[in-house]
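These notes are about the structure you will find just below.
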Amino acid sequence: MTAIVPPLRLGVNVDHVATVRNARGGALPDPVRAAQLAAASGADGITAHLREDRRHIRDDDMKRLREVLQIPLNFEMAATDEMVALALGLKPHACCLVPERREERTTEGGLDVIGGGIDLAHKVEALGKAGIRVSLFIAPDPDQIARSADIGAAVIELHTGAWCEFIAAGEGEAAEAEFARLAEGARQATALGLEVHAGHGLDFATAERISGLHEIRELNIGHFLIGEAIFDGLESAIRLMRTAMARGRAQGAKAA
Ligand SMILES: CC(=O)[C@@H](O)[C@H](O)COP(=O)(O)O
Ligand SMILES: NCC(=O)COP(=O)(O)O
């Protein structure tokens, strides 16, 4: 029997359009134009990460995204006072709190929700009270998931980066063990009333596989899609991604 599964949204991360722009210091290519094209091509939302060092997305990009987008904006940010103040001013649809280290190339590991203590809980509360949907970007760790629910987050986004790296390195056993952790984490979080998203390092194949996990409601994908857009255009990359996600969703439904 084929189970009925909830739809899966695609959030397109436009950080790396800004990376290319900043390589030359001018205004082009414009991440806001990319976000508008992504929306017109079937993205359900746009994600942008305003890093503390502003290495790609900048404050003005966030402001313009907020002004022009007709689809939800997911503001990725470190859990700092500066970023919370910016988010409270901007009032995006959602904020995804992520760990950040200035010297990292990209986001390594998940947010330490337990270590964040009462300060993190207050930040989640302040954003939530402002009507912003708060998501915590975490590893599929049972204690971090439980604490995310305890401090009142609406959403967790499971970090798929380790899983994707094991696959890329041909470490099949480790990849399967990590996938099992993601699957169990998605089940645990859903049972605790959290909405589950996933993202980081996903490509067509990994997005297809993870789309089979019914508990996951949204994938956020950036680097790979922007890379594919160089060859085939953003519209085509998004269309192919949606096809992969739909295929994975249907396979997951059959397996259930
Ligand atoms: C939090 C996360 O996994 C990414 O979406 C994040 O935006 C990565 O940061 P960079 O885009 O700077 O690699
Ligand atoms: N939160 C994950 C995200 O927005 C995109 O990550 P990536 O696909 O750029 O690795």
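Looking only at residues in region 211-231 that are of a type in the set (Val, Ile, Thr) and more than 14 Å from ligand 1 (Cβ to nearest atom), the one that is nearest to Leu182 (Cα to Cα) is Ile216. Screening Arg64 on (1) in a loop (DSSP other than H, G, I, E, B); (2) among the charged types (D, E, K, R); (3) in contact with a helix residue (DSSP H, G or I) (Cβ under 8 Å, 6 or more places away or on another chain) shows it passes everything except condition (1).
Scanning region 93-128 for residues that are among the β-branched types (Val, Ile, Thr), under 24 Å from Val12 (Cα atoms) and more than 11 Å from ligand 1 (Cβ to nearest atom) returns a single hit, Val124. Checked against (1) within 13 Å of ligand 1 (Cβ to nearest atom); (2) closer than 26 Å to Pro31 by Cα; (3) in a helix (DSSP H, G or I), Thr206 passes all but condition (1).
When Gly131 is evaluated against the numbered criteria (1) among the small types (Gly, Ala, Ser); (2) away from ligand 1 (no atom under 16 Å from the Cβ); (3) assigned to a helix (DSSP H, G or I), which criterion, by number, is the only one it fails? Among (1) among the small types (Gly, Ala, Ser); (2) away from ligand 1 (no atom under 16 Å from the Cβ); (3) assigned to a helix (DSSP H, G or I), the lone unmet condition for Gly131 is (3). For first residues located in region 132-152 and within 14 Å of Gly116 (Cα to Cα), partners that are within 16 Å of ligand 2 (Cβ to nearest atom) and of a type in the set (Asp, Glu) and lie 6+ apart or on another chain with Cβ distances below 8 Å form the pairs Leu136/Glu157; Phe137/Glu76; Phe137/Glu157; Ile138/Glu157. Pairs are defined by a Cβ separation below 6 Å, a sequence spacing of at least 6 or placement on different chains, a first member in region 154-167 that is at negative phi, and a second member that is β-branched (Val, Ile, Thr) and outside any strand (DSSP E or B); the pairs so defined are Cys164/Thr206.
A Cβ distance below 8 Å, combined with a sequence gap of six or more or placement on separate chains, defines the contacts here; from region 66-85, residues that are farther than 22 Å from Asp119 by Cα reach residues that are assigned to a loop (DSSP other than H, G, I, E, B) and of a type in the set (Asp, Glu) in the pairs Ile71/Asp44; Pro72/Asp44. Residues in region 209-227 that are within 12 Å of ligand 2 (Cβ to nearest atom), aliphatic (A, V, I, L, M) and in a strand (DSSP E or B): Leu219, Ile221.
FYI, it's all coordinate maths here, none of it is from the lab. Here the structure is a predicted model, which is why all the values come from computation and not from measurement. Backbone-built Cβ (ideal geometry, glycine too); neighbour counts: all protein chains shown.
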